[in-house]
Each structure stands twice: as C-alpha cells, then as structure tokens.
Amino acid sequence: MSAPSVVPGPIPSDAETADDVVNHFYYPPDPFKAVRGEGVYLYGEDGKGYLDASSGTFNLTLGYSHPEVVATIREQAAELIHVTSKFQSRAVNSLVGALSEVAPAGLTRVHLKSSSGSDANEAAIKIAQHHTGNPDVISLFRGHLGQTMAMINASGAAFRRAPFPAQLPGVVHVPDPYCVRCFYKQERETCGLLCVERINDFIDFASSGRVAAVILEPISGNGGNVVPPDGYLEALRALCDERGILLIFDEIQTGFGRTGQMFASDTFGVSPHMLTFGKGLGGSGMPIAGLLTEERLTGLEGHHINSTFGANVLASSVAVKTLEIIRRPGFLENVRAVGAHVMDRLGEMAGRYGFIGDIRGRGLMIGMEINDADGNPDAAFTNHLASLGMDHGLLLRTSLYGFGNVLKVRPPLVMTMEEADVMCDRLDRLFGDAR
Ligand SMILES: Cc1ncc(COP(=O)(O)O)c(C=O)c1O
C-alpha cells in the first residue's frame with residue numbers, strides 16, 4: 001500500500017468531524033460514514049437508508065442494533081463486562097451450555113477463548129497438531145480462513161501472501177469443488193468426485209506425509225459462494241477417517257442459521273471432527289469466536305489457545321441472546337423461505353440480464369456469477385455493479401478471491417419477505433441501469 005499522499009497535521013479537537021482526520025488512518029477509509037443502523041438498513045450522513053445485502057461483514061445475523069441485543073448489552077454491562085476467561089461467569093456458562101445443545105453430532109466440547117475467526121482456526125489447527133503429532137494442513141483453493149500470518153498461508157489465494165516475504169510452511173492447497181468451473185474439467189454426473197479422490201495424491205506426493213487436518217468452509221464464502229456437490233463432504237469425511245486426519249469445518253460464515261439450519265454441517269448432514277465459529281454469533285456485531293470439538297480431542301492445555309478478549313462476558317451474553325432468537329419457532333423457516341424467494345427472483349432476473357451466470361446458495365448465503373458475453377468471469381463489471389449499488393440504496397460485496405466475479409447476497413437473517421422484495425427490486429433496477 002502506498003503512503004498517504006497528504007502528511008497529516010495535528011488532530012483537531014473536533015476530530016470526529018474534521019476532514020483531516022482521515023489522513024491519520026493507516027489505510028485510506030471509504031468516504032461513506034455510517035451514522036446508525038436499524039434492522040437490514042444502514043444510514044449514512046445523507047440520512048439515506050442503505051439495505052445491507054451483505055450483513056456488514058456477513059456477521060449481522062440479527063441486523064443492525066437489534067433491540068434485544070441492545071437491551072442485553074445494557075443489562076450485562078451493568079453487571080459485568082469482563083472477567084479473565086480463567087473464571088466462570090453466568091454469561092459464558094450459559095453460552096457453553098447453549099452451544100453444546102446446538103452443536104452437530106459428536107461435538108461435545110466448547111472452546112471460547114478466541115478473539116476472532118482467524119484465531120479460532122489457529123486454535124483448531126493447534127489442537128489437530130497436538131492430537132495427531134502431525135504438522136501439515138490441507139486446505140482448498142479459494143478458501144478464506146482469516147488474516148493472521150498462519151491463516152493467510154492456510155487460505156487458498158496467492159494474492160493474500162504476495163506482499164509478505166516470510167511464509168509459514170506446512171499447508172497443501174488442493175482444488176475446491178467448484179463444479180461450474182471444475183479444475184479437473186469434469187462433469188458432475190460422471191466425475192466420481194475426483195476432487196476428493198485426488199486429495200490422496202496430494203497427501204502422498206505433495207505433503208510431508210504427516211497431515212494433521214483438512215480445514216475448509218462447507219460453502220466457500222469469499223471463494224465465490226461455492227456450494228459443494230452432493231456427497232462431497234461425506235466423501236471428504238470418509239477420506240479423513242480412513243487416513244487418520246481431522247476434518248475441521250470453518251463455519252465462521254456458514255454458522256448460526258446462515259444456510260437455513262443452525263450449521264452448514266446440519267444442512268449437508270455431515271459432522272466434522274472440529275468446527276470453528278465466529279461472525280454471526282455476535283448477533284448485531286459483537287466480537288465472539290471459538291470452536292467445537294469431539295471429546296477425544298481435549299488435552300491441549302487452555303493457556304496454549306488463549307486470548308485476552310476471548311470468552312468475553314459482554315459478547316457471550318449477546319451470543320446467548322442470539323442463539324435464543326435463532327432457535328425460536330419460525331426463525332430458520334423464515335431464512336429458508338426468504339432465501340428460496342430471493343433465489344427465484346434472481347433466477348427470473350438471470351433470464352433478462354445476460355451477464356448473470358450461475359446462481360447458487362443455501363438459505364441466505366447466496367452468490368451470483370457475473371460474466372462477459374462469452375460466459376467468462378467479468379470481475380471489473382462485478383466491481384462496477386457493487387459500487388453502483390450505493391446509488392440504488394444497496395450495500396453489496398464482491399471478493400478478491402477466486403475469479404472476483406461473484407456478487408454476494410447475504411442479508412441479515414431477520415429479513416422479511418417484504419424487505420427481500422425491496423432488495424430484489426433494487427437489484428433489478430441496478431442491473432437495468434448498469435446493462
Ligand atoms: C470463512 C471465514 N473464516 C475465517 C475468517 C476470519 O475471521 P476473522 O476476521 O474474525 O478473523 C473469516 C472472515 O472473513 C471468514 O469469512
């Protein structure tokens with residue numbers, strides 16, 4: 001990143017509103033300044049409501065400033081905000097209890113001492129290395145597992161590693177199940193899940209021969225909303241079991257109702273040996289992350305996977321409230337129904353706008369490919385659409401991962417049918433304008 005072109009002066013006392021303050025940011029911030037949020041809408045200084053089709057950073061399960069989250073924060077803050085994670089507290093104990101109730105089959109233990117998703121993934125890999133005594137990790141092309149030094153190496157995109165001369169060894173990246181643009185140039189009907197079978201070759205010829213874990217997102221979020229074909233996750237689980245490798249699902253994006261079930265693990269009917277979570281558990285944006293693991297994987301002492309802000313009491317109280325709301329009758333049904341409706345409307349738009357390619361997803365984790373006239377990924381036009389979205393009152397995100405041509409549609413899970421129609425109407429007008 002180049003240095004700011006303007007040398008900043010001293011910060012004035014009214015720094016919050018001063019134009020000069022942006023020159024003190026390490027990176028140039030977006031000109032949009034958020035003022036407040038409510039439900040699926042974010043409001044800027046212009047007073048206009050932008051419908052957030054990407055739930056902040058895919059983490060606002062309950063939308064902006066959900067009233068029950070706000071009330072929980074008020075109550076909990078008055079009682080206790082922080083205590084060392086060495087001690088128990090009402091909020092953290094309730095969260096451990098609630099998480100163990102909703103955990104996929106076999107995952108009995110909860111670890112909450114992480115501050116972020118990257119941190120939780122590192123903790124899972126530490127547990128896998130400690131348990132197996134093996135160093136290597138297998139991950140998928142295009143996967144995004146976080147931004148710490150270890151996680152940029154584990155993630156499946158060279159651009160993340162390019163600025164840094166030092167790399168951490170021990171990760172073998174393998175082709176992802178991106179059927180629409182299959183690495184092995186196969187057709188799904190006849191491929192026999194070659195992308196799983198070939199992982200054996202990577203283990204035998206490209207790894208150190210000692211693999212601790214396979215880590216992947218059940219639906220690759222930043223990688224292009226890549227939904228695995230039927231049988232993929234089962235086959236991967238079988239391969240891991242056969243070879244004594246631990247399977248870790250990174251459910252940091254897919255967890256807590258995003259795919260229409262509590263976890264993608266439930267949506268696909270496959271349990272991993274460990275599952276990491278973060279993002280959506282914070283309801284309206286409280287920072288919380290951690291992992292679920294099988295009983296047999298306990299044994300690594302807590303101080304090896306610990307963080308000052310881990311098991312944060314305030315965030316845990318909100319997480320308990322978030323889980324309570326997700327588990328209310330009708331919540332997940334609404335996610336599935338609204339998601340199906342949005343898919344239908346996008347499908348209808350695809351018939352009218354030739355640049356819309358494959359539309360894929362589960363629940364409210366939807367992605368749409370944007371292609372050129374020859375059907376090839378058109379990243380420039382995708383980015384153009386995302387930025388033009390603001391003019392249509394829409395917040396849209398793309399990704400540098402993969403081919404950069406997937407518009408992500410991942411609104412807050414509290415979205416109503418009416419709001420879904422507003423979002424789709426705005427998308428329709430945006431596409432019409434941009435054509
Ligand atoms: C699938 C996935 N894993 C891990 C992470 C890293 O989480 P965090 O940003 O909280 O470190 C992210 C963040 O975008 C993510 O989407």
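Pull up the DSSP beta bridges for the chain and report the antiparallel fraction as a percent, rounded to 5. Looking only at bridges with both residues in the chain, the antiparallel portion is about 65 percent.
With a simple spin-label model that places each label point 7 Å from the Cα along the Cα-to-Cβ direction, the separation between residue 234 and residue 180 comes to 2.5 nm.
Any idea what the dipole of the chain comes to, in debye rounded to 20, about its Cα centre with Lys/Arg Cβ at +1 and Asp/Glu Cβ at -1?
Values: 36 positive and 49 negative charges, 143 e Å.
Dipole size: approximately 680 debye.
Probe radius 1.4 Å, ligands and nucleic acids ignored: give me the carbon and sulfur share of the accessible area of the chain as a rounded percent.
C and S atoms contribute 54 percent here.
A 1.4 Å probe run over the protein chains yields, for segment 68-326, 40 Å² of accessible area per residue, whole-number rounding.
Across the options 414, 233, 368, the greatest Cα extent toward the positive end of the charge dipole of the chain (unit charges at beta carbon of Lys, Arg, Asp, Glu) belongs to 233. Using the Cα gyration tensor of the chain, with a ≥ b ≥ c the square roots of its eigenvalues, what is the shape: rounded (a/c below 1.5), prolate (a/b larger than b/c) or oblate (neither)? Rounded, because the longest to shortest axis ratio a/c is under 1.5.
Spatial offset of segment 323-390 relative to segment 100-136 amounts to 31 Å, using the alpha carbon center of each. Amide H to amide H, with H built 1.01 Å from N, residue 210 comes under 5 Å of 136, counting only residues 5 or more places away or on other chains.
Take each peptide in 391-404, 348-361, 114-127, count the other Cβ atoms within 10 Å of every residue, and average; sorted highest first, the result is 114-127, 391-404, 348-361.
Going by average Cβ density within 10 Å per residue, which order do the peptides 411-418, 68-75 take, highest to lowest? Let's see the in-between values first.
Working: 411-418: 20.5, 68-75: 15.9.
Final packing ranking: 411-418, 68-75.
Let's test the formula: R0 of 56 Å, r as the Cβ-Cβ distance of residue 164 and residue 333. What FRET efficiency results, to the nearest 0.05?
Details: r = 45 Å, r/R0 = 0.81.
Here the calculated transfer efficiency is 0.80.
Taken over segment 68-326, lysine pairs spaced eight or more positions apart, or on distinct chains, with alpha carbons under 30 Å apart number 10. Computed over the chain, relative contact order equals 22 percent, with contacts defined as Cα pairs under 8 Å that lie 6+ residues apart. Dividing the summed helix terms, -39500 (n - 2.57) for each DSSP H run of n ≥ 4, by the number of residues in the chain produces a 222 nm estimate of -10000 deg cm²/dmol to the nearest 500. Between the residues 313, 284, 182, the greatest Cα displacement towards the positive end of the dipole of the chain, with unit charges on the Cβ of Lys, Arg, Asp and Glu, is found for 313. Close amide H contacts of residue 220 (hydrogens built in the peptide plane, cut-off under 5 Å, sequence separation of 5 or more or a different chain): 226. From the alpha carbon centroid of segment 35-53 to that of segment 165-219 is 40 Å.
Working out 0.36 nm times the residue gap between residue 26 and residue 108, then minus their Cα-Cα distance, what length gain in nm do you get to one decimal? Spell out each step's value before the answer.
Working: separation 82, 0.36 × 82 = 29.52 nm, distance 4.19 nm.
Stretched out fully, the residue 26 to residue 108 stretch lengthens by 25.3 nm.
Highest mean packing first, where packing is the average number of other Cβ atoms within 10 Å per residue, the peptides 204-215, 317-328 line up as 317-328, 204-215. Counting charges near residue 229 (Lys, Arg +1; Asp, Glu -1) among other residues having Cβ under 14 Å from its Cβ returns a value of -3. Across segment 211-233, the residues whose backbone nitrogen lies under 20 Å from the label position 7 Å along the beta-carbon direction of residue 188 are 217-233. Scalar couplings 3J(HN,Hα) for segment 249-264, obtained by applying the Karplus form with A = 6.51, B = -1.76, C = 1.60 to θ = phi - 60°, are 8, 8, 9, 5, 9, 7, x, 6, x, 4, 8, x, 10, 4, 10, 4 Hz; x denotes Gly and Pro.
Under 5 Å between amide hydrogens, built in the peptide plane, is the criterion, and for residue 258 it picks out nothing among residues at least 5 positions away or on other chains.
Between residue 86 and residue 208, the modelled label-to-label distance comes to 3.3 nm, taking each label 7 Å out from Cα in the direction of the beta carbon.
The values are calculated or read from the model by the stated rules, or taken from the named source; none is laboratory data. Computed from a prediction, not measured in an experiment: that's the story for all the values here. Counting neighbours? That spans all protein chains shown, and the Cβs are built from the backbone with ideal geometry, glycine included. These accessible areas exclude ligands, DNA and RNA; they are computed on the full protein's heavy atoms, side chains included. Shrake-Rupley method; radii C 1.70, N 1.55, O 1.52, S 1.80 Å.
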